[in-house]
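**Student:** What follows is a single structure, and I will ask about it in a moment.
The values are calculated or read from the model by the stated rules, or taken from the named source; none is laboratory data. Every value quoted in this text rests on a predicted model; they were computed, and no experiment measured them. Because the Cβ atoms are built from the backbone with ideal geometry, glycine has one as well, and the counts that use them run over all protein chains shown. With ligands, DNA and RNA removed, areas are computed over all heavy atoms of the protein, side chains included. Shrake-Rupley method; radii C 1.70, N 1.55, O 1.52, S 1.80 Å.
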Amino acid sequence: MFDRQQIKKILARAQEIDPGCEAFGASKHRYQFRPPLAADFVRKAEGQYGFRLPEDYFRFITEVGDGGAGPGYGIDSFADFLKPRDPLLMASFCQSLALPFEVRPMQPDEVEEYAITSPENYAKSPERYFVYTLPDEDKPYSTTGFLELGTHGCQWDFGLITAGGRFGQVFDIDNEGSCAFVAASFDEYYQLWLDWLADERKLRAEVNFWRRPTQ
């Protein structure tokens, strides 16, 4: 379980090291949280659409912040996800969160078809990589049981499994039809990012790598 004040201390120190928010993704989240959501608001959405969020993620958005500072370009807002849109599309997508996460293991002869891994990385951990069915007009979401949490940029996003045997796990996913297991829980995933952020040597190296040249 995360402590909001402890995380804010880590973020404040990161901002001291990177005041220009030059590290990858920092220009968007700027080392800040959005305000937490009311628990009743989140529970109402779960009840309305029939899905259930993993408890660690539920605690995060109701006690720490509704998105903001995090891996990639940061954690997306759950409240923004629920903002009014096409009602039929909204209902279809939300209801899909209650359906099991549908993927199959990636086969060795498929590795070079996808950008999510390399033959070398696949050989080290083939159990991490999977293939899903690309969306079509009748199924306008990437896969069932998957809540997108944010993006690494380009075609790579990351998200939380909301139904099925991998409930609560975090996966990277691309728009080519492949995905990769990255953490057993939201707490683990976010803690890995906090540990990286708290390593001042690594953060300074990241900032220097992305620093815009002065004129």
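**Student:** Take A14 and decide whether it is farther than 23 Å from A184 by Cβ and modelled with pLDDT under 95.
**Tutor:** When the stated conditions are applied, A14 does not pass them.
**Student:** Taking only pairs six or more apart or across chains, which ones have beta-carbon atoms under 7 Å, a first residue in segment 162-181 that is over 14 Å from R104 (Cβ atoms), and a second residue that is open to solvent by 40 Å² or more (accessible area, probe 1.4 Å) and of a type in the set (A, V, I, L, M)?
**Tutor:** Qualifying pairs under 7 Å: A163/A98; A163/L99; Q169/A184; D174/A115; E176/A115.
**Student:** A further question follows. Would you check if S96 is farther than 23 Å from G153 by Cα and not β-branched (V, I, T)?
**Tutor:** Judged against the criteria, S96 is a match.
**Student:** Same structure, new question: Could you tell me whether V131 is farther than 24 Å from I75 by Cβ and either touching a Pro at 6+ places or on another chain (Cβ under 7 Å) or of a type in the set (F, W, Y) (or both)?
**Tutor:** no
**Student:** Of everything in segment 30-58 that's within 20 Å of E188 (Cα to Cα) and acidic (D, E), which residue is nearest to the chain's Cα centre (by Cα)?
**Tutor:** D56
**Student:** Right, another one. Scan the helices (runs of 4 or more DSSP H) fully inside segment 1-49 and keep the ones with 3 or more residues being free of Cβ contacts under 8 Å to residues at least 60 places away in the same chain and open to solvent by 30 Å² or more (accessible area, probe 1.4 Å).
**Tutor:** 4-17, 39-49
**Student:** Restricting segment 124-147 to residues that are over 16 Å from F181 (Cβ atoms) and open to solvent by 80 Å² or more (accessible area, probe 1.4 Å), which is modelled with the highest pLDDT?
**Tutor:** Taking the candidates together, the pick is T133.
**Student:** I would also like to ask the following. Quick one: count up the residues across segment 167-215 that are modelled with pLDDT of 95 or more and in a loop (DSSP other than H, G, I, E, B).
**Tutor:** Qualifying residue count, segment 167-215: 6.
**Student:** So, one more: Taking the stated definitions as given, is D109 open to solvent by less than 30 Å² (accessible area, probe 1.4 Å), out of contact with any His (no Cβ under 8 Å at 6 or more places or on another chain) and not hydrophobic (A, V, I, L, M, F, W, C)?
**Tutor:** Spelling it out, it is not the case that D109 is open to solvent by less than 30 Å² (accessible area, probe 1.4 Å), out of contact with any His (no Cβ under 8 Å at 6 or more places or on another chain) and not hydrophobic (A, V, I, L, M, F, W, C).
**Student:** Can you tell me how many residues in segment 76-99 are touching a strand residue (DSSP E or B) at 6+ places or on another chain (Cβ under 9 Å) and either among the small types (G, A, S) or surrounded by fewer than 17 Cβ atoms within 10 Å (Cβ to Cβ) (or both)?
**Tutor:** 3
**Student:** Residues that are of a type in the set (G, A, S) and at positive phi: does segment 40-63 have at least one?
**Tutor:** yes
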